[in-house]
Amino acid sequence: TPEELQELLLLTDVQINALFSHMERNGKLISIYELQAVPGFDKQSIQLILPFIQVNDNFYTPKFDAKTLFRDGEHELFIRYTRILEEQSGFSPITDSALALSPNSRYLGSPDRLYTRYRFRYSTNISWGFTAEKDAGEEFFKGTQSNGFDFYSGHLFIKNIGKIKSLAIGDYQVSFGQGLAFATGLALGKTANTLNIKRNYQPLKPFTSVDENQFMRGAAATVSLGKFDITAMYSRQKIDANVITTADTTVTDEETAVSSFQITGLHSTPGELADKDALLSSHMGSHVAYKTQKLNIGVTAVYSSFDRTLDRSLSYYNQFEFTGDHNLVTAIDYNFIHRNLNFFGEAARSENGGLATTNGVIAALDPKLSFSILYRNFGRDFQTLFANPLAEATNPVNEQGIYLGAELKPSPYWTINAYFDSFKSNWLKYGADAPTYGYEVLAQATWKPSKKLEMYARVRQRNKPANTTEEVTGITYTDDVLQSNYRYQISYKVSDALTLKNR
């Protein structure tokens, strides 16, 4: 399907659209060699996707029973043990009196780190499994961790069964549009692949990682009704947070708040354990998408609430960040393909009236030349708890910028990629007590004369102003911080089992 090809991150939407337009005109593919006749599919693109695709009629109508499921399904068990051999101060001996004076100076558990993951998969249609992890310093089957591992995660995921495009029960990831309003999944930032600036999120995915914060816990489903895909999700779970008291009187649960979210996932000292599961979070929302082969328009609404108020320690730079116990984010996203042009974007609004938008276009002007442009404008008061659009900063707030990228293929053996990204903040930021302007530029030349040999050279330069390190009195000012990186890499494939690389 187009969505599955997007997940590979190896083809542009223009190429994917050209493939399905080819099949509309000529019927389903008869052979894999027919890809050579599809506009926009050069030899390099075909070689990249060959390991992941087949020409098979059965992909369109999967039929199976319980016997087939367990006979052809794949079981995966992964177990990892890690330990630092040198003695660390947090695990060194200490007297009872010294520990009483500083209870957070020593870890409660052993320095062993344990990780276990089991997963069953049948094709791309069914997945279930669990993940368990104990970090170094956390107790294991004793003390504060009588249940063994500190973190457990499990999921059941069903995909493309009848009208159900996806169904997630347990732990899952959810992402909509360009990731501006709501996205818990991972995505690439600015890379040498200068055409990969558009987010091709699948709304729902099973969660199998050990990140103890960036996931949902509950249930979600996407149902296909003609040209409409409707996604509904609900999540309710306890997360780590720093608890504070809001009054000098006798404190009850109703008189406590949290100053920040605790995202490390570590629970190895009494102080870290005090933050564990301190905040009950709930998220419910939906995404309705109208889809044709060339046009996709979606509307998102997600409501988040907490059982305690988030009362940040506000300063000048962060006074617009989210506080309170609930937030509503709404957004509209689009994706439109016209010939060799791909337009995409998203506009979002938070409950406090903060606005943010990101819009871009990818243009395949010639088989040898393609361009990409992305403009973004995130308001200083835009508030979202889960977001991952293409941006310079981690959170899409207080940023305005434009990205210009190009890819040139002057010959079958050479590829040249380059981008220039200009960004500015009209308000203060952490570490920069003034509005700032910065930029980043990258250029890379890749030479691949054969399937076995590949080498590239890359240069990247970034200017990201920050507060001056000089001793000054009075008004703080910012200085340019220039960083330059140079890289050369060569890779040689000796055989299917052995590849040599040097960087």
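Side notes on the structure shown:
- Computed over protein heavy atoms with a 1.4 angstrom probe, the accessible surface ordering of 46, 373, largest first, is 373, 46.
- Grouping the Cα pair distances of the chain into 20 Å bins from zero gives a pair-distance distribution of 18, 50, 30, 3, 0 percent in increasing distance order.
- Using the Cβ-Cβ distance between residue 394 and residue 496 with R0 set to 35 Å, the FRET efficiency works out to roughly 0.35.
- Packing, taken as the mean count of other beta carbons within 10 Å per residue, orders the peptides 204-214, 28-38, 306-316 from highest to lowest as 204-214, 306-316, 28-38.
- Distance between modelled label sites at residue 98 and residue 77, nm, 7 Å Cα→Cβ extension: 4.3
- Base-10 log of normalised Debye intensity for region 1-91 (one unit scatterer per alpha-carbon) at q = 0.12 Å⁻¹: -0.57
- Here the 3J(HN,Hα) profile of region 48-54, calculated from phi with Karplus coefficients 6.51, -1.76 and 1.60 at θ = phi - 60°, is 5, 8, 3, x, 10, 10, 9 Hz, Gly and Pro shown as x.
- Fraction of accessible area attributable to carbon and sulfur, region 216-334 (%, probe 1.4 Å): 57
- The residue among 151, 110, 128 whose Cα reaches farthest toward the positive pole of the charge dipole of region 95-175, with charges on the beta-carbon of Lys, Arg, Asp and Glu, is 128.
- Rounded tilt (10° steps) of 13-26 against the dominant C-alpha axis of the chain: 40
- Value of relative contact order over region 150-301, rounded to a whole percent, pairs C-alpha under 8 Å and six or more apart: 21
- Bins of 10 Å, starting at 0 and running to the largest distance - Cα pair percent for region 51-151: 12, 27, 22, 15, 13, 8, 3, 0
- Think of the chain as having a plus end and a minus end, set by charges on the Cβ of Lys, Arg, Asp and Glu; of 398, 94, 461, 461 sits farthest toward the positive end of this dipole.
- Note on region 305-459: with charges restricted to the Cβ of Lys and Arg (+1) and Asp and Glu (-1), its dipole about the Cα centre is near 800 debye.
- In a reduced charge model with +1 at each Lys and Arg Cβ and -1 at each Asp and Glu Cβ, the chain shows a dipole moment near 2480 debye about its Cα centre.
- Using only the C-alpha atoms, the convex hull of region 347-503 corresponds to 157 Å³ per residue.
- Accessible solvent surface per residue of the chain, calculated while the other protein chains remain in place, 1.4 angstrom probe, Å²: 54
- Qualifying chymotrypsin sites (Phe, Trp or Tyr not before Pro) in region 423-503, where qualification requires a DSSP coil assignment and no more than 15 other C-beta atoms within 10 Å, comprise 430, 477.
- Altogether, the Stokes-Einstein calculation at 37 °C and 0.692 mPa s, with the Kirkwood radius of region 133-207 over Cα pairs as Rh, returns a diffusion coefficient of 213 µm²/s.
- What the pair-distance distribution of region 302-347 shows, using all Cα-Cα distances binned every 5 Å from zero, is 5, 15, 15, 13, 14, 11, 9, 8, 7, 4, 0 percent.
- Per-atom-type breakdown for region 401-445 gives carbon and sulfur 69% of the accessible area (1.4 Å probe, protein chains only).
The values are calculated or read from the model by the stated rules, or taken from the named source; none is laboratory data. Every value quoted in this text rests on a predicted model; they were computed, and no experiment measured them. All Cβ positions, glycine included, derive from the backbone under ideal geometry; neighbour counts span all protein chains shown. Side chains are part of the model used for accessible areas, which takes the heavy atoms of the whole protein and leaves out ligands, DNA and RNA. Shrake-Rupley method; radii C 1.70, N 1.55, O 1.52, S 1.80 Å.
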